[in-house]
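K.L.:
I have a structure here, written as structure tokens, and I will follow up with some questions on it.
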Amino acid sequence: MLRTAIAVLLVSLSIGVGRAETQTPIRFGLTAVIVQEHLRFLDRWALYLSNKMDRPVKFVRRKSYREVMDLLEAGRLDFAWICGFPFVQPRDPEFLELLAVPVYKGKPLYNSYIIVPKDSPYRTLDDLKGKVFAFSDPESNSGFLYPQFLLATRGTKPQNFFRQTFFTYNHAETVEAVADQVADGGAVDSYIWEYLQILRPEIAARTRVIKISPAFGFPPLVSSKRTEAKAVERMKSVLLGMSEEPEGRQFLAGFKLDAFGDFPPELFDGIGQMANDTRKALLWLASAEKRVPSETSRK
Amino acid sequence: MKFSLLRKWRLSLSVKFALAITLIVAGVAFTIGAVIVVQDWRRFHAELEEKVLLLARSVAVTAPEAILRNDYWSLYRSLKKMAQPETGDIRATRVVTAMVLDPEGRVLAHLQPKQHPLRLPLIPGDEDEARLLEAATSARSPTVLGGGGVGAEGYLEGMIPLYSDEKLLGVLRVRISTYELFLKARYSALLVLGLAAGLVILGSLLGVVISRRMVKPLTAITRGLEAVRQGKLMDVSTVPVLRDDELGRLAASFNEMATELAEKKELEEQIAVSEKLMSLGRISAGVAHEVNNPLAGLLNCIDTIKKHPEDRELMERYLPVLEKGLNRIKNIVQSLLVELRVEDAREESGLTCLEDLKGIVEAEINGRAIHLVWENNLDDRIRVHSRQVQQVVLNLLKNAVQVVPEGGTVTFRSFQDGNCVMLEVDDDGPGIPPEHRSQLFDPFFTTKPNGTGLGLWIVYRLVESMRGVIEVESEVGTGTQFLVTLPATEVRA
């Protein structure tokens, strides 16, 4: 009895050691596009992916999107779950490939929400003029690009329109900043805001949405061009197949997602267009400020 | 103060003892209690001061970097995290507020962001707040200040100026409530108070027991002394001797004294009885002697007259002798009956009756060179048994006149002293030798050849019958003074 137990232990050890030695782990970058605080849930998902890939999958977390993008560029990540805004940024040479797009409420789309404290009097973005505003990440579509775009179309920019802005680098914390009234308003990912309404209502329920953006492509999962094609293929089929089997559906339910789907990169053209428009508007604003500094400063 | 109050209240010794013990125990207990409470408070306060600085330091470590990066969100987050109550810590202190201000006093982060918006100058709510803001913006090293009083509003504020490369970036302020400290101190104060009260109750019970035990024999002795004072010596019950201490010895010696007194009284009574018998015997013997002497002569005369019935000359010679002898017997018997006689004459009158005596005394002097001083200062409205008083004064004056030599002085003085009538008879005669003094008032005691020895005895009996007192002061060669004190019956208005 004891002998068999030892034998089994030895076998399992040799398998473990063999795997660790022969197979380098798959490095999977995560960003604030998902709620990262549920560590045990993410650990279980990592284990699920490892089993499906027959290789250990390791999540790599960084504070900002920029850091994750830098790691991708440096080839130190195989996969990553990033935001649509960094994805549409021009890259030369291209080092990313679209892997999968989450399907949320039946569509691969989400919105940016402009939120304010629930008991505040603010009804429109204009009410927030001269107030404090919280952004999520400087490279977030919903948490920065969209409000920046809104202001740019009004001929102004955040540092002029708001009295003070700050970055929380996390959609969930933007919600918290608005709920605590550290900020009078904030821009967040609709998916995260709704996710928090269910999981952390004590924070999210203290905020109110005053503006909903048009639909944008949901923050996508990408692969590095340096990742071997076989692994990319396998990861893609694993992700896309999650909705087909019970365990995968459990994880999708944990994310409040329907599935991971295969969509063309054109899904993110809307973000690209908005980024372009914003950049142009800001350039124009900068030149206008140079011409008439006093006029813009009055705004 | 305390004891004068007790005296005023006329409290018994046992109550005083018990009160004194209670007061002492209460004083000690409450003093110690107060010291403990104050020390507790100081210790808790010092702990809390350390704690508030510790809390502030936990934020101050990362704050400068966040300020430099304009990362207001992480500044706020670190304040919020610090303010979160440590779960499971029963000694948790409540963070009332916390903030980071820039050197100009603008808010970089505040735990109440709604009331104190980001990047706007902090507006102090009241004078206290303004004082703290002033202190915070001028603080150059970690400081702890208090405010808000002692109760629910009390707080301690720790201020840490934030530097980066010796440049002042702002100040971190953390304010914790001292309410828990107050509650803790109040709890320990109540506990100490309760203990002290318990001690006081125990102490007073002990005091009652001790004082009872101490005072009980004293009360018994007092009762015994009261009985002794009233002369009821037979009523004195023995005081129980409970212990072998001062009180026990006091009880024992009191018992001995009471026994001795009782024995002495018994003895005195026996002596009095035997003295009465003795004086009765003396009177009988005196009467027998005084009556017998003339009787023998008288019987002899009668015998002789019987033998010679025809002898007229004999009859004429013996009849005066017979008469004189019978008169003498009659006098003696009358004197002996003086008390019966005065009983019959209980008439009261003023004191002018004394003036009647002056003539009698002058007749008694009968031309001898004796100076009589007469000072009758009595109010006639005072009522006395005049016949008795006259008799007393007359007897004394007669004696005085008889003993005073030629050229001597006899003084009569009468006056009123309160409710008493004082009668004084002085002479500057030879005085009474000490060996005679104890027999002075005995019947038939006389130093005069023809005296009956009943004069002073009568005085004594009369004074006694009027509930008065007679005192004698005499010095051989200087003179004698008799002083009679009589209660005045009445003063007629």
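K.L.:
Would you mind calculating the gained length between A:Ala253 and A:Ala288 on full extension (0.36 nm times residue separation, minus the Cα-Cα distance), in nm to one decimal?
P.N.:
7.6 nm
K.L.:
Explain nothing, just the number: dipole magnitude of the protein assembly as shown about its Cα centre with +1 on each Lys and Arg Cβ and -1 on each Asp and Glu Cβ, in debye rounded to the nearest 20.
P.N.:
5100 debye
K.L.:
Once amide H atoms are built 1.01 Å from N in the peptide plane, which residues 5 or more positions from B:His385, or in another chain, come under 5 Å H to H?
P.N.:
none
K.L.:
What's the longest piece of chain B with no exposed trypsin sites (Lys or Arg not before Pro), counting a site as exposed if DSSP puts it in a loop and it has at most 15 other beta carbons within 10 Å?
P.N.:
B:244-345
K.L.:
Still on this structure, please answer the following. With springs only between Cα atoms under 10 Å apart, run a GNM on chain A and tell me which of A:Asp269, A:Asp126, A:Asp189 wobbles the most.
P.N.:
Comparing A:Asp269, A:Asp126, A:Asp189 in the GNM, the peak value goes to A:Asp126.
K.L.:
Please state the equivalent ellipsoid semi-axes for chain A: what are the square roots of 5 times the Cα gyration tensor eigenvalues, largest first, in whole Å?
P.N.:
So the equivalent ellipsoid measures 41, 22, 16 Å along its semi-axes.
K.L.:
Which pairs, out of B:Lys358/B:Lys448; B:Lys330/B:Lys358; A:Lys157/A:Lys256; A:Lys63/A:Lys105, put more than 25 Å between their alpha-carbon atoms? Provide the component values of the computation, followed by the final result.
P.N.:
Values: B:Lys358/B:Lys448 23 Å; B:Lys330/B:Lys358 27 Å; A:Lys157/A:Lys256 34 Å; A:Lys63/A:Lys105 27 Å.
Among B:Lys358/B:Lys448; B:Lys330/B:Lys358; A:Lys157/A:Lys256; A:Lys63/A:Lys105, the Cα-Cα distance tops 25 Å for B:Lys330/B:Lys358; A:Lys157/A:Lys256; A:Lys63/A:Lys105.
K.L.:
Using Cα-Cα distances under 8 Å and only pairs 6 or more residues apart, what relative contact order does chain B have, in percent?
P.N.:
10 percent
K.L.:
On to the next question. Just want the answer: with Cβ charges of +1 for Lys and Arg and -1 for Asp and Glu, which residue in A:Leu151, A:Met235, A:Leu199 is farthest toward the dipole's positive end in region A:124-244?
P.N.:
Farthest towards the positive end: A:Leu151.
K.L.:
At a Förster radius of 56 Å, what calculated FRET efficiency corresponds to the Cβ-Cβ distance of B:Asp244 and B:Trp374, to the nearest 0.05?
P.N.:
0.25
K.L.:
How much space per residue, in cubic angstrom, does the convex hull of the C-alpha atoms of region B:346-491 take up? Show your work: numbers first, answer last.
P.N.:
Working: hull volume 15.6 nm³, N = 146.
Residue-normalised Cα hull volume stands at 107 Å³.
K.L.:
While we're on this one: Please state, rounded to one decimal and in Å, the Kirkwood hydrodynamic radius that chain B gives when every pair of distinct Cα atoms enters the mean of 1/r.
P.N.:
After inverting the mean inverse Cα-Cα distance, the result is 34.5 Å.
K.L.:
Mean separation of Cα pairs under 8 Å and 6+ residues apart, divided by the residue count of region B:91-165: what relative contact order is that in percent?
P.N.:
Numbers: 86 pairs, mean separation 14.2, N = 75.
That works out to 19 percent.
K.L.:
Calculate, for A:Leu240 and B:Glu134, the FRET efficiency according to 1/(1 + (r/R0)^6) with r their C-beta to C-beta distance and R0 56 Å; round to the nearest 0.05.
P.N.:
0.30
K.L.:
Averaged over all directions, how much area does the convex hull of the C-alpha atoms of region A:159-243 cover when projected, in nm²?
P.N.:
Answer in nm², one decimal: 8.4.
K.L.:
Please identify the GluC sites (Glu not before Pro) of region B:39-148 that satisfy two criteria: DSSP loop assignment and at most 14 other Cβ atoms within 10 Å. Which are they?
P.N.:
Taking region B:39-148 and a limit of 14 other Cβ atoms within 10 Å, the loop GluC sites (Glu not before Pro) found are B:Glu86, B:Glu104.
K.L.:
Using the 10 angstrom Cβ neighbour count as an exposure proxy, how do B:Ser138, A:Ser190 rank, fewest first?
P.N.:
B:Ser138, A:Ser190
K.L.:
Moving to a separate point now. Starting from the Cα coordinates of region B:2-186, work out the convex hull volume and express it per residue in Å³.
P.N.:
Expressed per residue, the convex hull around the Cα atoms of region B:2-186 is 156 Å³.
K.L.:
Rule-of-thumb check for region A:54-168: C-alpha Rg over 2.2 N^0.38 Å?
P.N.:
1.29
K.L.:
Sticking with this structure for a sec: Using square roots of five times the C-alpha gyration tensor eigenvalues, list the equivalent-ellipsoid semi-axes of the protein assembly as shown in whole Å, biggest first. Spell out each step's value before the answer.
P.N.:
Working: eigenvalues 3970, 220, 75 Å².
Result for the protein assembly as shown: semi-axes of 141, 33, 19 Å.
K.L.:
By DSSP, what percent of the beta bridges with both residues in the protein assembly as shown are antiparallel, rounded to the nearest 5?
P.N.:
About 80 percent, rounded to the nearest 5.
K.L.:
How large are Rg and Dmax for region B:256-336 when calculated on the C-alpha trace, in angstrom?
P.N.:
Rg then Dmax for region B:256-336, in Å: 23.1, 80.
K.L.:
Counting other Cβ atoms within 10 Å, keep those with at most 11, restrict to DSSP loop, and tell me which GluC sites (Glu not before Pro) in region A:139-189 are left.
P.N.:
For GluC sites (Glu not before Pro) across region A:139-189 that sit outside H, G, I, E and B with at most 11 neighbouring Cβ atoms in 10 Å, the list is empty.
K.L.:
May I pose another question? Give me a comma-separated list of calculated 3J(HN,Hα) values for region B:271-288, in order, Karplus coefficients 6.51, -1.76, 1.60 applied at θ = phi - 60°, integers in Hz, x for any Gly or Pro.
P.N.:
So the Karplus estimates, Gly and Pro as x, are 4, 4, 4, 5, 5, 4, 4, 5, 5, 4, x, 5, 4, 4, 5, x, 4, 4 Hz.
K.L.:
Given the options A:Ser142, A:Cys83, A:Phe162, identify the residue whose Cα lies farthest towards the positive end of the charge dipole of chain A (+1 on Cβ of Lys, Arg; -1 on Cβ of Asp, Glu).
P.N.:
Going by the charge dipole, the pick is A:Phe162.
K.L.:
Another question about this same structure. Determine, for A:Leu285, A:Leu39, the number of other Cβ atoms within 10 Å of each Cβ, and report the residues in order from fewest to most.
P.N.:
Values: A:Leu285 17, A:Leu39 10.
Ranked by crowding around the Cβ, least crowded first: A:Leu39, A:Leu285.
K.L.:
A follow-up question, please. Within chain A, what percent of beta bridges assigned by DSSP are antiparallel, to the nearest 5?
P.N.:
DSSP beta bridges in chain A are roughly 65 percent antiparallel.
K.L.:
Taking only DSSP H segments of four or more residues, each worth -39500 (n - 2.57), what value at 222 nm results for the protein assembly as shown once the sum is divided by all its residues, to the nearest 500 deg cm²/dmol?
P.N.:
Working: 26 runs with 414 residues, N = 792.
Using -39500 (n - 2.57) per qualifying helix, the result is -17500 deg cm²/dmol.
Taken together, the values in this text are just the output of simple stated rules run on the coordinates, not laboratory data. Quantities reported herein were computed from a predicted structural model and do not represent experimental measurements. All Cβ positions, even for glycine, are placed from backbone atoms using ideal geometry, and neighbour counts span all protein chains on display.
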